[in-house]
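The values are calculated or read from the model by the stated rules, or taken from the named source; none is laboratory data. Everything numeric in this text was worked out from a predicted model, so none of it was measured. Backbone-built Cβ (ideal geometry, glycine too); neighbour counts: all protein chains shown.
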Amino acid sequence: MRIAVNIDGQFQPHLTGIQHYTDSLLGALYGSGTEHEITAFASWLAPAFLERGIRDGLFAWRALPHARLEAALRYTPLADGPLFAQNAGLRSLANKIDGRLLNPMKHRLSDRRAQARSRRFDVLHTPDPFRPQFMDFQARRSVVTIHDITTRLFPDAHGAQAAAAGERYFAYARDCCARVIVVSESTKRDVVEHLGIPADRVDVTHTGPRATTRRVEDPAALRRERAALGLADTPYVLYAGTLEPRKNLPRLIAAFARVVAQSRLPEHRLVLAGGSWGRYDEELRRVAQDSGIADRVVMTGYVTNDSMNALMTGSDAFAYVSEYEGFGMPPLEAMVCGAPVVASNTTSLPEVVGDAGIQVPPQDVEAIAGALHCLLTDRAENARRRALSTERAAQFSWARTAALTLRAYEAAAR
């Protein structure tokens, strides 16, 4: 069977969780030993975009046996040509020509070629609705991954354009796809209930952690990474992820404030590691100020993989009390690093943390504070939860994800 995985979404300027999903899945598929022919299929490919992805840690699977990368159109932007590289004025002019004239022509040509070439595939899997042109691909059967339905449930957080794009994707999944892959049982319930997709067409494939996630065993390396963030000897509770409303961070800040006031923890900090949606970080600073712990809340912004591994490994507790998740990669990766976890008892998070984490109602500040107090003051319980985290994380692997995904492809082709 000839299978294509659409990688048009892999060339965005900023790494996303879906990009890591697609890249990890391809690596696991090529490493699975399957007899099926797997092709990473792009509508168009610019060498500079591929090089940027490689620098960001993507596309390592290209070195694996049987790896295939196919683009309907390979294209070098005019501005990347040798005549323009050394002259800022000419490069600016070339960028304008690319954007206003050549790019529209390139997209029309690549879309026509991609439609024609897609006909030779038995199954085409789109894991990321980055470009809507995939809806015109003409493989014998189509498969999509729905990671969550936040654009349906939280449209204001995404904006009207993204919400409309999400609705088109959901309609395509419902009306045109033989199988719909989701990353949790919770998301399966969502797509059945809210999108009207029959349950017998939905396949659950829990994902594994990113390949770059690992516990930092070297004390010197751990201290060096923490020192770079001003946390060399400072104990802390960690949150990792985007700073956005559904992550429930005001309640986490309020809970941490209670723990600080009641538990005599003069040194602990609450570290929020991740980029902010718009100016939401300013709102969180106001919440911290109003809670009397402005000096205890540290917002790092985006951090590198190495720094995140160190932050997770060195945390006294990892707190993830989000109100909605399609899967919940940050708590899984925290468990890989051996951190004890406090997580919401709702949506997909119980599937991820299981009995290893302390599960709490996300709306209950007192319950969140109680769980944090337990992990920060009871050393034996903290150590027990760390061991459970390691055991739990070992149950998630990309090899298993690939096996379940191949099963979905085979069901689609029947």
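Things to note:
- Residues considered: ARG285, ARG269, ARG279, ARG296. Of these, the only one that is touching a helix residue (DSSP H, G or I) at 6+ places or on another chain (Cβ under 8 Å) and free of Cβ contacts under 8 Å to residues at least 24 places away in the same chain is ARG285.
- Yes/no for ALA42 being farther than 15 Å from PRO127 by Cβ and not β-branched (Val, Ile, Thr): no
- Checking the stated criteria, LEU332 turns out to be touching a Phe, Trp or Tyr at 6+ places or on another chain (Cβ under 8 Å) and under 29 Å from ILE38 (Cα atoms).
- ALA288 vs. criteria more than 30 Å from ALA60 (Cβ to Cβ), among the aliphatic types (A, V, I, L, M), surrounded by 19 or more Cβ atoms within 10 Å (Cβ to Cβ) and more than 24 Å from the chain's Cα centre (by Cα): yes
- Any hit, segment 171-179, residues being outside any loop (DSSP other than H, G, I, E, B), crowded, with 17+ Cβ neighbours inside 10 Å and not basic (Lys, Arg): yes
- Taking each residue of segment 250-263 that is within 16 Å of VAL298 (Cβ to Cβ) and assigned by TED's automatic domain parsing to the domain that holds ALA294 and looking for partners that are part of a helix (DSSP H, G or I) and hydroxyl-bearing (Ser, Thr, Tyr) with beta-carbon atoms closer than 6 Å, six or more apart or interchain, yields nothing.
- Scanning segment 32-51 for residues that are assigned to a helix (DSSP H, G or I) and either among the hydrophobic types (A, V, I, L, M, F, W, C) or out of contact with any Asp or Glu (no Cβ under 8 Å at 6 or more places or on another chain) (or both) yields ALA48, PHE49, LEU50, GLU51.
- The residues of segment 247-264 that are under 27 Å from the mean Cα position of the chain (by Cα), crowded, with 18+ Cβ neighbours inside 10 Å, at negative phi and not β-branched (Val, Ile, Thr), listed by number, are LYS247, LEU249, ARG251, LEU252, ALA254, ALA255, PHE256.
- Selection of segment 242-259 for residues being touching a Pro at 6+ places or on another chain (Cβ under 8 Å) and either modelled with pLDDT under 95 or in a helix (DSSP H, G or I) (or both) yields only ARG251.
- Residues that are surrounded by 24 or more Cβ atoms within 10 Å (Cβ to Cβ), under 20 Å from the mean Cα position of the chain (by Cα) and in contact (Cβ under 8 Å) with a residue 60 or more places away in the chain number at least 1 in the following strands (runs of 3 or more DSSP E) confined to segment 313-377: 317-320, 341-344.
- Within segment 1-31, the set of residues being assigned to a loop (DSSP other than H, G, I, E, B) and either at pLDDT 90 or above or of a type in the set (Gly, Ala, Ser) (or both) comprises MET1, ILE7, GLY31.
- Scanning segment 123-142 for residues that are in contact with an Asp or Glu (Cβ under 9 Å, 6 or more places away or on another chain), within 21 Å of LEU25 (Cβ to Cβ) and modelled with pLDDT of 80 or more gives VAL123, THR126, ASP128, ALA139, ARG140, ARG141.
- Matching residues, segment 175-199, being in contact with a helix residue (DSSP H, G or I) (Cβ under 6 Å, 6 or more places away or on another chain) and among the basic types (Lys, Arg): ARG179
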